[in-house]
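See below for the structure under consideration.
The values are calculated or read from the model by the stated rules, or taken from the named source; none is laboratory data. What you see is a predicted model, and the numbers here were worked out from it, not measured in a lab. Neighbour counts run over all protein chains shown; Cβ positions are idealised from the backbone, glycine included.
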Amino acid sequence: MSELNQQMAARYKNNFLKEIEEQAEMGEWVKMCMQCGVCSGSCPTHFHPGWEHPPQEIFMMIRAGKREEVLTSPSMWMCTSCYNCYVRCPRKLPITHIMHGIAEYAYRLGLAPKMQPTLHLSQTFWNNCIKTGRVNEVRLTQSLYFKDGFMAGIKKGLEMKDVALGLIKAKRLNILEALGFGHKCKDVQGIHRMLAKARELEAKRKGAKAQAA
Amino acid sequence: MSDKKHAAYICAGCGLGERLDIAALEAVAKKEGKMQIVRTHPFLCSEEGVAMIRADIESEGVTHAAICACSRRAKTEAFNFPTTAIARGNLREGVIWVRPDTEEARETTQEMAEDYVRMACAEVKAMTQPAGNPNTGMNKTLLVVGGGISGMTAALEASKAGYKVVLVEKTGSLGGWAARLHRRVPTREPFKSPEDTGVADMLAAIEADPNIKVYLNATIAKTSGAPGRFKVDIAVESGPTVTEDIGAIVQATGFTLYDAGKLPHLGYGKSPHVVDQAGLEALARAANGGPIKRADGKEVKSVVFVQCAGQRDASGEHLPYCSGHCCNTSIKQAIYFKDANPDVDAVVLYTDLRTPGNGEDFYRAAQNRGVIFSKGVVSEVVPAGDGLSVKFHDLILDDRNAQIEADLVVLATGMVPNSGVNIDSLTAPQVEGQEAPAEGEVKPVSILNLTYRQGPDIPQFKWGFTDSHFICFPYETRRTAIYAAGPVRRPMDIAQAIEDATGAAMKAIQAMENAGLGRAAHPRSGDLSFPTARLEGCTQCKRCTVECPFGAIDEDEKRYPVFNESRCRRCGTCMGACPVRVISFENYSVNTVGAQIKAVNIPDEFENKPRILILACENDAYPALDMAALNRNCYSAYVRAIPVRCLGSVNTIWITDALNSGYDGVMLMGCKHGEDYQCHFVKGSELGRYRMSKVYDTLKGMNLEPERVLDLEVAITDLHTLPRKIDDYVAKIQQIGPSPFKGF
């Protein structure tokens, strides 16, 4: 991963804006920001101490070439996808998507903060769901509960046991999923082939962009 | 006297007949108003009613008619009898619409109506129908001073309207700043790319136009005369001075760029690679679409634009204002670079990006091309190696030590108007301790060289821009038939200047036509009255000549006033100023208003019915009263309102006469004055108020409370608050008690 990071850093030298435009999903929108600050003012997590740089600042930092600071920042990961900024942006920037695009790029380069809860959830969810095409809820819950260690997982599980029992009673949770049973897509092989094709197309697109640069 | 015949017409329509005792009003007009003919009509402004009046004028020989119906601002087309002097008694907006329709209000409402009938009768008897200014000038040639975009536009537009134009340009070629541009900011959909300046087309059009006579390398040596008959001496470099007969003038003398030499901290003068926007245009023209090269021939790979260089400066050292066009101009110039080579780094450092017009689309187009816009304040530009280093405070990231390296730096300096001599500074007394002009500082040169007593140029307002009524009449200067257009009036871009010049040319044409017909120009457009002075009573005090806001009055060798009627706007400020009251208009004089004041019936002190005189400016306050009436916003029945042309025309004798004859209070309603003035005659309300400030001494002499005179600033939008203010004042006067002068 850090190899890719070095490659990218070398390819774009000082032009971080160009790097984001070409490598991050929706990155081509960053240059259109007019620094009005409506996104920052609209963000519900802005009042949360974790949001170090609101979107307006992230965009400005990209233009100012602060590569390391942006890519290692936990800020984009704090986005709750409420779409307030997206709706309000007078320049119609898809800010929510840009935040995810930058976060994903940082992850690809291996610069995303380790054990960041949003990152962890996304990763776990993705790995879980691509296996059968449907989420194995018991295993997903398990891996989230035991994220911070065995004892913490047990404690969390006990805390939530009433909810779990209720779900089982209402037939909303299949306990057999723990053993690998439970719902899955009819054509699991097809899902895997589809994902492989998507990856191939993505790589092709990014390659073309990098080539054009 | 025998050829005068007075008639009063009373309307019973619009509810007047139901609310008022019309027979009693007729009796008042007949007995007290001494009208020879008194007629009532159920619908006076109908064809039938108007025909009745016209028949009286034709067969009965009526010369003076008091029409007691609605406000003088209503039904003006129906009640238009050009040969007859007309006074209007305002019974509808002035009485029934501002009074509640109740039994207890009936008596006071009727008294109010009777007073307005008395006033209309008294006014009309004191009037004569104006015949128009005989001293007209018929010349219809427009002089345009300045051959830039504004001047060329004014010339072409006037020519298109069928008028001859004389175009005078100081330099050796037309085109001004626009001719020095590579491209201009786009004016058409989709507003994405700089476009051709259009100067070449305009030059060709002017050359081919037989209506436009161009003087190059020429200045105005002297302007004398008046609208419709200006005589203008044009001094042509290395040639004889030519005299042209001119009807009206458009001054489109434009601007000079703020001297970037005053900005050494931004590197100007220290490095040849710091240029102003004009400097960059020159580089772009040299490159002609190819890569832009610096003075040393090196291709520019990175450029930084510094916005607000020496502008919007709060320290008082540089220009305090925003020049409006520079953000769009920098966007355009950044696009020059990106279009020639997309790999050039173009950064615009701004504090607020202001892109008027359709500039927002243009701004986006530049962002799309990859121009970087950064919010920051530049503190210093210093030479660094082969290029420059721009140090700035990044306002978004709050980084005080931000820095960018660039091959070239462009400073967006502002516009300084070429408005000639500040005539106010000519007359202003030298303040002690004030700095004398610095050595080597260029003294402004007069542009128009007017022979007016008030000074050689048109008056200036803020920061050297020419004065104009900013909101309502932007091209009107304080010199009739001389109009300012383009950046000499306020900072603006090409698109705005073109609009401006077109507007000014149209106004100038109106002024020439009005002057030819002996009528007033704006805002009393079409008024045929003009001031005359009974010189045998004049004490040569010069107040009228000094106070005239429009420079209409000169002095002869014996210091008597000489009126230039066609320069006059008919505000009556001279009439208000005259201490011996010798100045009057045929249909508006100390007498016409004085007679109305005296006509009002003043009840004795035991009736507990105060009388309060309202002198209301006809431009804002009187319409506000009318609109209050239209909204049925009621007010006290104890007030009697008389419209005046301007607060400046109010002669203090009216106030002392009113108080002497038993009025309990006087309300003056005029427009806002001062920095953001609203006065239609620019200085009228200010001069009027200054004069009124002396009234309080008179009040003291009469042993009256100062509250008996109230000066109220009224805007046309005050229709909802004004009735309350009137009622408050009436309550206050009732509290003070009746005037001791009642019954004398």
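Below are the figures for this structure:
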{"quantity": "Test for residue A:211: is it surrounded by 12 or more Cβ atoms within 10 Å (Cβ to Cβ), modelled with pLDDT under 90 and under 30 Å from residue A:57 (Cα atoms)", "calculated": "no"}
{"quantity": "Matching helices (runs of 4 or more DSSP H) fully within region B:652-702 where at least 1 residues are without any contact (Cβ under 8 Å) to a residue 60 or more places away in the chain and among the basic types (Lys, Arg)", "calculated": "B:684-693, B:695-701"}
{"quantity": "Selected residue [out of contact with any Cys (no Cβ under 7 Å at 6 or more places or on another chain), in the same structural domain as residue B:9 (by TED's automatic domain parsing) and surrounded by 13 or more Cβ atoms within 10 Å (Cβ to Cβ)] from B:46, B:59", "calculated": "B:46"}
{"quantity": "Residue tally, condition surrounded by fewer than 19 Cβ atoms within 10 Å (Cβ to Cβ) and either outside any helix (DSSP H, G or I) or touching a Pro at 6+ places or on another chain (Cβ under 7 Å) (or both), over region B:583-617", "calculated": "7"}
{"quantity": "All positions within region B:261-274 that are in contact with a Phe, Trp or Tyr (Cβ under 7 Å, 6 or more places away or on another chain) and either closer than 30 Å to residue B:138 by Cβ or surrounded by fewer than 22 Cβ atoms within 10 Å (Cβ to Cβ) (or both)", "calculated": "B:261"}
{"quantity": "Filtered residues of region A:130-177 (kept if part of a helix (DSSP H, G or I) and basic (Lys, Arg))", "calculated": "A:131, A:139, A:147, A:155, A:156, A:161, A:169"}
{"quantity": "Search result, residues across region B:354-377 that are over 22 Å from residue B:404 (Cα atoms) and more than 13 Å from chain A (Cβ to nearest Cβ)", "calculated": "B:356, B:357, B:358"}
{"quantity": "Failed criterion for residue B:31 (all others in (1) under 19 Å from residue B:600 (Cα atoms); (2) assigned to a loop (DSSP other than H, G, I, E, B) hold)", "calculated": "(2)"}
{"quantity": "Region B:394-423 - residue that is part of a strand (DSSP E or B) and surrounded by fewer than 17 Cβ atoms within 10 Å (Cβ to Cβ) and, of those, nearest to the other protein chains (Cβ to nearest Cβ)", "calculated": "B:399"}
{"quantity": "Filtered residue count, region B:517-555, keeping only those that are under 29 Å from residue B:76 (Cα atoms) and polar (S, T, N, Q)", "calculated": "3"}
{"quantity": "Test set (1) within 12 Å of chain A (Cβ to nearest Cβ); (2) touching a helix residue (DSSP H, G or I) at 6+ places or on another chain (Cβ under 9 Å); (3) surrounded by fewer than 17 Cβ atoms within 10 Å (Cβ to Cβ); (4) of a type outside the set (Asp, Glu) - residue B:351 fails condition number", "calculated": "(2)"}
{"quantity": "Total residues in region B:286-317, condition surrounded by 14 or more Cβ atoms within 10 Å (Cβ to Cβ) and under 40 Å from the mean Cα position of the chain (by Cα)", "calculated": "9"}
{"quantity": "Candidates B:536, B:586, B:555 - the one that is among the acidic types (Asp, Glu) and closer than 21 Å to residue B:683 by Cβ", "calculated": "B:555"}
{"quantity": "Scan of region A:64-107 for residues that are on the phi > 0 side of the Ramachandran plot, within 14 Å of chain B (Cβ to nearest Cβ) and without any contact (Cβ under 8 Å) to a residue 24 or more places away in the chain, ordered by number", "calculated": "A:92"}
{"quantity": "Any hit, region B:68-83, residues being within 27 Å of residue B:590 (Cα to Cα), more than 35 Å from the chain's Cα centre (by Cα) and buried (at least 23 other Cβ atoms within 10 Å of the Cβ)", "calculated": "no"}
{"quantity": "Cβ-Cβ under 6 Å pairs, at least 6 apart or on other chains, region A:49-63 side more than 10 Å from residue A:35 (Cα to Cα) and in the same structural domain as residue A:102 (by TED's automatic domain parsing), far side β-branched (Val, Ile, Thr) and at pLDDT below 90", "calculated": "A:51/A:45"}
{"quantity": "Hits in region B:327-370 - residues which are without any contact (Cβ under 8 Å) to a residue 60 or more places away in the chain, assigned to a loop (DSSP other than H, G, I, E, B) and within 25 Å of residue A:37 (Cα to Cα)", "calculated": "B:351, B:352, B:353, B:354, B:355, B:369, B:370"}
{"quantity": "Condition met for residue A:102 (modelled with pLDDT of 90 or more, in a helix (DSSP H, G or I) and over 10 Å from the mean Cα position of the chain (by Cα))", "calculated": "no"}
